[in-house]
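The values are calculated or read from the model by the stated rules, or taken from the named source; none is laboratory data. None of these values were measured; they are calculated from a predicted model. Cβ coordinates were reconstructed from backbone atoms using ideal geometry, including for glycine residues, and neighbour counts include every protein chain displayed. Side chains are part of the model used for accessible areas, which takes the heavy atoms of the whole protein and leaves out ligands, DNA and RNA. Shrake-Rupley method; radii C 1.70, N 1.55, O 1.52, S 1.80 Å.
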Amino acid sequence: MLNNQGSRRGLRLMLLISFLGAATGVVVGFAAGAQPFYLGVAFGGIAAIICFFSFFEQTVLGLLILRSALDPFSGQQLPAAFAIGLDALTILYVTVMLLRGQTVRTNKFWWLFAAWVALQGVWVILLPLGGLGLNAAFLPDSIREWVRIFSWLMVYLIVMQLKDRLHPEKIVSALLLALIFPLTIALMQTILPPSLLPPIFVFGGGDEVLFEKASRINGTLGHPNTFATFLLLFIGLTWWKLSHSKQRWHWLILLFLLAFFYVSTKALFSLLMLAVFVLVLISPKLNIIKLLGGIVFLAIVIGLFASTEFGQQRLGSIANTPLLNPDIDISRAILLSQGDNNSFNWRVSQWYMLLKAWQEYPILGYGLGLSKQVAGNGFLPHNDYIRTLVEQGIVGMVSFIAFFLAQIVRFIRLIKDTPSGTAQHDFCLTLLAVFLAIPVGMITENIWTHTTLFFYWWTVSAVADWDWNKLQPQTPLLTKPY
């Protein structure tokens, strides 16, 4: 009986491999005729498949680390190809595991995440059916946005397959290698004039830089604001490593290096996010050391920001907005936005225009990922709550907020369920501090579009509720995938 079952599984596996081989041949033939670049991507995919099944843990960690270096090649669609390739690898791996009768590891939150991603697909289906504010002509943009979100789900799933193979601390330590390339490029952007940098590493435009003329760094992440949120996550991870390391000096150096680059992005919203992060992190057990440490770190960051001419201009510009000036109402801010080069007043104008458009389709909105098309001026909303309202209406907004609240509840439960002072307890607290800062930044920034941030967020989020006592941090990396 067992032999018959093994034979059937072997036959199914052979058929799957044969199909994949034929499909690979078709893809390679098409790529060779269309563009050599895609042929290289195809061969890279074949190599990734081989490594995926031969050296599973090393390949997964290598792919996770690699993601932070890909954004400069967005013009060649490399990040998109990477995401689709990782999705395919994950689905293939899970399929093989199921065919072999082995366990595919998930958790309750992954199923909640999967249900929420499936719900987002409803807006993709409704678009060509005429149930939203825009029509089927915008379907490719909407599909692209859904695939981007689906890729995060696949990242979570493939990281879950490392459970009981690698200790979470080893995974987080490996992820810190993802800082090497972005920080190297950021250092070059700091000390070298733009004329000496390769064009792909020069920040010089895009749909989010309407008024930002001063020199800012973006590392490898395409935009300074995107780089800032990426750095905030790794500031949190470094802070956690610092708290649980016997040799702290190298973590202190890395922390202040990250803080320096964080300030050099010159993203005003990031200061408020950092303040929220520090407040949440020190609040559970407030003592004089934590309080002074948090205040000193925050003061250094704000001081560095305010010491630059650009930082002073950004801080001073707030005084000419409805936020701090009672003599400027919404209508005047909109009028001023046409010529005062004040990015906050411009945001007010953008929000007002999009909210007016949302009122025409308030329940389901215009379509997933289509807020820029609704605006008509080529710019994103610079407010993720307004973006959700415009794209998915009230229904989408409720699901968006519920999904965020579910994550907050999850981390609070994990913090309560883990012993105070342990590495896992402090890790969950650090992730909660980072996560609570994100909704604050979403008020004035397009953080939901920061793909690299969420790529690493779902990686570290996946390991938070594992049994950290089951493996030791020094568990050997080389193990068989099955």
V390 meets each of (1) among the hydrophobic types (A, V, I, L, M, F, W, C); (2) open to solvent by less than 50 Å² (accessible area, probe 1.4 Å); (3) not in a helix (DSSP H, G or I) with one exception, condition (3)
Just a yes or no: is a residue in region 231-252 assigned to a helix (DSSP H, G or I), at pLDDT 90 or above and of a type in the set (V, I, T)?
-> yes
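State yes or no: is N383 over 30 Å from S243 (Cβ atoms) and either crowded, with 19+ Cβ neighbours inside 10 Å or basic (K, R) (or both)?
Judged against the criteria, N383 is a match.
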Cβ pairs under 9 Å, 6+ apart or interchain, first in region 386-402 and over 14 Å from A357 (Cα atoms), second open to solvent by 30 Å² or more (accessible area, probe 1.4 Å) and among the hydroxyl-bearing types (S, T, Y), ordered by first then second residue, are M397/Y385; F400/Y385; I401/Y385
For region 461-482, which residues satisfy the criterion of being under 18 Å from T106 (Cβ atoms) and modelled with pLDDT under 85?
-> K470, P481, Y482
Which residue pairs have Cβ atoms closer than 6 Å, lie 6 or more positions apart in sequence or on different chains, and pair a first residue in region 222-233 that is under 14 Å from F455 (Cβ atoms) with a second residue that is open to solvent by 10 Å² or more (accessible area, probe 1.4 Å) and not hydrophobic (A, V, I, L, M, F, W, C)?
-> G222/D71
From the residues in region 272-295 that are surrounded by 11 or more Cβ atoms within 10 Å (Cβ to Cβ) and among the β-branched types (V, I, T), which one is modelled with the lowest pLDDT?
-> I295
Which condition number in (1) at pLDDT below 95; (2) crowded, with 17+ Cβ neighbours inside 10 Å; (3) not in a loop (DSSP other than H, G, I, E, B) is the one that E445 fails?
-> (3)
With respect to S399, is the statement that it is surrounded by fewer than 19 Cβ atoms within 10 Å (Cβ to Cβ) and within 22 Å of the chain's Cα centre (by Cα) true?
-> yes
Which one is least open to solvent (accessible area, probe 1.4 Å), of the residues in region 169-201 that are modelled with pLDDT under 90 and among the polar types (S, T, N, Q)?
-> Q189
Where A81 falls short, out of the listed (1) under 23 Å from the mean Cα position of the chain (by Cα); (2) in a helix (DSSP H, G or I); (3) surrounded by fewer than 18 Cβ atoms within 10 Å (Cβ to Cβ) = (3)
Only listed residue being of a type in the set (A, V, I, L, M) and open to solvent by 20 Å² or more (accessible area, probe 1.4 Å), chosen from L126, L166 = L126
Search result, residues across region 96-120 that are open to solvent by less than 60 Å² (accessible area, probe 1.4 Å) and over 27 Å from A464 (Cα atoms) | L99
Residues located in region 343-374, provided they are open to solvent by 10 Å² or more (accessible area, probe 1.4 Å) and in a loop (DSSP other than H, G, I, E, B) = Q359, E360, Y361, P362, I363, L364, Y366, G369
Those residues of region 401-435 that are touching a Leu at 6+ places or on another chain (Cβ under 9 Å) and of a type in the set (F, W, Y) come to a total of 3
Those residues that are over 17 Å from S173 (Cα atoms) and open to solvent by less than 10 Å² (accessible area, probe 1.4 Å), I need them from region 424-439; list them, please.
-> A433, V434, F435, A437, I438
Taking interchain pairs and intrachain pairs at least six residues apart, which have beta carbon atoms under 8 angstrom, with the first residue in region 420-439 and farther than 28 Å from N225 by Cβ and the second open to solvent by less than 10 Å² (accessible area, probe 1.4 Å) and not in a helix (DSSP H, G or I)?
-> Q424/A464
So which of F379, F427 ends up being aromatic (F, W, Y) and in a helix (DSSP H, G or I)?
-> F427
